[in-house]
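The values are calculated or read from the model by the stated rules, or taken from the named source; none is laboratory data. This structure is a prediction, so every number in the text was calculated from the model and none was measured. Heads up, the Cβs are rebuilt from the backbone with ideal geometry, glycines too, and the neighbour counts pull from every protein chain shown.
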Number of protein chains: 2
Amino acid sequence: MNRASDLAALAALLADQTRAAMCLALLDGRAWTAGELAAHVGVAPSTATGHLHRLIDGGLLAERRQGRHRYVQLADPTVAHLIEDLSARFGPRPAPARGLREATAGAALRRGRTCYDHLAGRLGVGLTDAMTAAGLLDQANGFALTATGLAWLTDELELSPDELRSGRRPVARGCLDWTERRQHLAGTAGAQLCRRLLDNRWVARIGSGRAVRLTPAGKTALGRLLELPDLD
Amino acid sequence: MNRASDLAALAALLADQTRAAMCLALLDGRAWTAGELAAHVGVAPSTATGHLHRLIDGGLLAERRQGRHRYVQLADPTVAHLIEDLSARFGPRPAPARGLREATAGAALRRGRTCYDHLAGRLGVGLTDAMTAAGLLDQANGFALTATGLAWLTDELELSPDELRSGRRPVARGCLDWTERRQHLAGTAGAQLCRRLLDNRWVARIGSGRAVRLTPAGKTALGRLLELPDLD
DNA sequence: ATGACGGTTCGGCGTGCGCCGAAGGGACCC
DNA sequence: GGGTCCCTTCGGCGCACGCCGAACCGTCAT
């Protein structure tokens, strides 16, 4: 009985179109100000304040006050995973693409983007497939790094073994992509890998959104380590 | 924009206490009649009808009409996983346990139960741990069967390899238990394993609910295959 | 045929909640 | 200090939705 009200209360946080749009925007993993979010989802600042209160009280969002700004972001990776999981129940949006500007932006997003803290889009899925083909990842019987996969991350990409297995978060887990309808690597391994590729400038952000692209340097460097498919 | 309304619409289905209670009841994986559900959650039959309509239209539930009865159950395993995932965000309910009857029922549930179509509770977690210790399951770098684990299921427990890798559902996946706060085996492997243990009468249902127990026969048989921990 | 039963449809009631604009309070800049 | 900016609180409006009881419709029993 009480369990049901907890579940209902949690679901109610996402059951409003405005709050849902806020959470989807925050899936980029970055901190937004209250005003930015209000403008992005198209409501008055006062309305946004109320929504943010509820989301923070419900534990989905975390806030950081700084001067006269109030930054807000997803409380932790499990929240991002929850929202991705829920979103995955809908088919890929064919993207109406009204103008050339939106069309190319949509195409860039489908090509590669960050999904909270790891890589998604064709880039994320392609990388995951390449790692699977190389025997680094086991996708057939679940979703886990193989022993060689773990060694590859620490030796070739110089990720810290300690950071990889920190906390309760699983090292490797699948995250269902809403455009590709395919699993891609998430978990701490996915997050660390994404960070390393960005740090190395093998992958770079396009503009200020979630879209990313493989740089020429990244293409050659990764090509030496894996059999990369053609990522358009 | 449209994506947000989809997400909100899906969440709205679970955002009502009555519908949430219905879904939690259906987590036992069985088909309930509309009247049973109405009585269980404490609303009038007419109210239940409306809720069931929405849940079915939203794709969370599937119906099967039979004579003057209308049976309803969760549409597919991904729905069960979704609800379990959401529920896992709350701590374990300490179970107020008003009377002896409820206390023992709660204890039985914590000891072992089915979670939609696989085993949970201490039994499910213990079995998962034993399989991990035996090198059948990799929990450290994700959640996947090892090659020997796959062979064990087909050779020792005579599960059909074809059935194991049928459809889009992953063979092995972790499901977070709300009493133990630990992962246990789900996915087709978890479902097939549960079915086999019930068929063998190594595990038996207690009464008509979700509670199950290890039978003496099951204890000796499984003890030959694994290093089973003490399951109280 | 008659009645019991499970489920559904419909109308009506109450309320919870999402929205806004106006007014107020800190933080920052000059 | 004055002005600007970001955010918040408050009051009020209106819609959406959850609830029930009454009436109705098949199905199954006797």
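Here is how the numbers come out for the structure above:
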| read-out | value |
| --- | --- |
| Any hit, region B:201-208, residues being touching a residue at least 24 places away in the same chain (Cβ under 8 Å), within 14 Å of chain A (Cβ to nearest Cβ) and within 17 Å of B:Arg122 (Cβ to Cβ) | no |
| Residue in region B:84-96 that is within 21 Å of A:Leu13 (Cβ to Cβ), free of Cβ contacts under 8 Å to residues at least 12 places away in the same chain and of a type in the set (Lys, Arg) present | yes |
| Odd one out for B:Ala221 among (1) assigned to a helix (DSSP H, G or I); (2) of a type in the set (Gly, Ala, Ser); (3) under 17 Å from the mean Cα position of the chain (by Cα) | (3) |
| Residue within region A:87-95 that is of a type in the set (D, E, K, R) and modelled with pLDDT of 90 or more present | no |
| Residue ID - nearest to DNA strand D (Cβ to nearest atom), chosen from residues in region B:59-69 that are closer than 16 Å to B:Cys23 by Cα and either among the aromatic types (Phe, Trp, Tyr) or surrounded by fewer than 17 Cβ atoms within 10 Å (Cβ to Cβ) (or both) | B:Glu63 |
| Only one of A:Ala75, A:Ala38 that is within 12 Å of chain B (Cβ to nearest Cβ) and of a type in the set (A, V, I, L, M, F, W, C) | A:Ala75 |
| B:Ala186 vs. criteria touching a residue at least 60 places away in the same chain (Cβ under 8 Å) and buried (at least 21 other Cβ atoms within 10 Å of the Cβ) | yes |
| Residue in region B:198-219 that is among the hydroxyl-bearing types (Ser, Thr, Tyr) and at pLDDT 95 or above present | yes |
| Complete set of residues in region B:1-34 that are within 15 Å of B:Ser87 (Cα to Cα) and facing chain A (nearest Cβ under 7 Å) | B:Ala11, B:Leu14, B:Ala15, B:Asp16, B:Gln17, B:Ala20, B:Ala21, B:Leu24 |
| When residues of region B:67-80 are limited to those that are closer than 17 Å to B:Asp28 by Cβ and assigned to a strand (DSSP E or B), the one farthest from DNA strand C (Cβ to nearest atom) | B:Leu74 |
